[in-house]
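I have placed the structure first, in the form of structure tokens, so that the comments after it can refer back to it.
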Amino acid sequence: MLNKQSTTPLYCQIQQIIENRIEAGEYILGSKIHSENELCRQFEVGRPTVRQALSKLIQDQKLESHRGKGVFVTKPDKHLDLLTSMGTTAAFNKLNQVVKTKVLSKRITKKMDFTYHKQPISENIEFVEITRLRIVEDLPVIWESSLINKSIVPGLIDMDLENVSLTKILTDNFNLSLKKARQNFSANLLSKQLKKLFKKTSPDCMLYIEREIEVNKQWGHYYSKLYIDTQRHPLSQEIL
């Protein structure tokens, strides 16, 4: 099972084997893995080598140790961190979850239908408005509408925005980077259209977020508003 002639340290080989067992479902999420003594017997190594492998897996958050009970496979965190600048797709990827993105509409508009924006908006500015629905495990989780100054994203309206990260497109294709942002939160009543999109009969309210984002270009502001089903995906924020 272990290649003791390899230049790869034995603890690294054990670490990889345990990761393979998790991916194959031999160790189920949340379940207890074999004891240190049993792993020593299986791999024919000493306890320090096994402990080094387990320590690395715990450090990588693949395993977690419970004193007096043993070592368990880490359950995935279902709390979604959308309160950072990394973007929605990256937030779901962090949870090892696949998010599908359905484009509901794309258009050019001068209409600014945001409640909390502080930056003065000229009536002559045209925006690319993109409205999308984020779906996880076949259930709608986030409705998002973004307004981006058309002059800083030429050609965006013609791009395929299904199942892609808008944040990554703005960074890679238009060299936009975030300078600062502000967010406002409220609990808003859902329209009949949104209730239908979210497949909801109740509740009537949902978390609503408005964002005003300043980027590294002149007139470089864009705006987004989101409705988030926190019953299906609770939000969290990591504070360092």
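Here's the yes/no breakdown for (1) of a type outside the set (Lys, Arg); (2) under 26 Å from LEU235 (Cα atoms):
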{"residue": "LYS110", "(1), (2)": "no, no"}
{"residue": "GLU129", "(1), (2)": "yes, yes"}
{"residue": "ILE142", "(1), (2)": "yes, yes"}
{"residue": "MET159", "(1), (2)": "yes, no"}
{"residue": "LYS168", "(1), (2)": "no, yes"}
{"residue": "THR171", "(1), (2)": "yes, yes"}
{"residue": "PHE174", "(1), (2)": "yes, no"}
{"residue": "ALA181", "(1), (2)": "yes, yes"}
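Cβ-Cβ under 8 Å, sequence separation 6+ or interchain: first residue in the stretch 195-214 and under 17 Å from ILE135 (Cα atoms), partner among the polar types (S, T, N, Q) and assigned to a loop (DSSP other than H, G, I, E, B). Which pairs?
From the stretch 195-214, the pairs are LYS195/THR201; MET206/THR230; LEU207/THR230.
Please verify whether LEU161 is within 20 Å of the chain's Cα centre (by Cα), in a loop (DSSP other than H, G, I, E, B) and surrounded by 11 or more Cβ atoms within 10 Å (Cβ to Cβ), treating the condition exactly as stated.
Considered against the rule, which asks whether it is within 20 Å of the chain's Cα centre (by Cα), in a loop (DSSP other than H, G, I, E, B) and surrounded by 11 or more Cβ atoms within 10 Å (Cβ to Cβ), LEU161 comes out as yes.
Restricting attention to the stretch 22-36, which residues are farther than 13 Å from PHE72 by Cβ and touching a residue at least 12 places away in the same chain (Cβ under 8 Å)? First the steps, then the outcome.
Taking the stretch 22-36 first, the residues farther than 13 Å from PHE72 by Cβ are 23-26, 36.
Listed by number, the list holds a single entry, GLU36.
Please go through the stretch 132-158 and give me each residue that is buried (at least 16 other Cβ atoms within 10 Å of the Cβ), touching a residue at least 40 places away in the same chain (Cβ under 8 Å) and of a type outside the set (S, T, N, Q), ordered by number.
Within the stretch 132-158, LEU133, ARG134, VAL136, PRO140, VAL141, ILE142, TRP143, GLU144, LEU147, ILE148, LYS150, ILE152 meet the criteria.
Could you pull out every one of the helices (runs of 4 or more DSSP H) wholly within the stretch 22-119 that has 2 or more residues that are at pLDDT 90 or above and either surrounded by 12 or more Cβ atoms within 10 Å (Cβ to Cβ) or not assigned by TED's automatic domain parsing to the domain that holds GLU137 (or both)?
Helices (runs of 4 or more DSSP H) meeting the threshold: 36-43, 47-59.
For VAL128, state whether it is out of contact with any Pro (no Cβ under 8 Å at 6 or more places or on another chain), buried (at least 16 other Cβ atoms within 10 Å of the Cβ) and at pLDDT 90 or above. Spell out the reasoning first.
Working: out of contact with any Pro (no Cβ under 8 Å at 6 or more places or on another chain): yes; buried (at least 16 other Cβ atoms within 10 Å of the Cβ): yes; at pLDDT 90 or above: yes.
Yes.
The values are calculated or read from the model by the stated rules, or taken from the named source; none is laboratory data. Owing to the predicted nature of the structure, the values given are computational and were not obtained by experimental measurement. Using ideal geometry, Cβ is built from the backbone for each residue, glycine included, and neighbour counts are taken over all protein chains shown.
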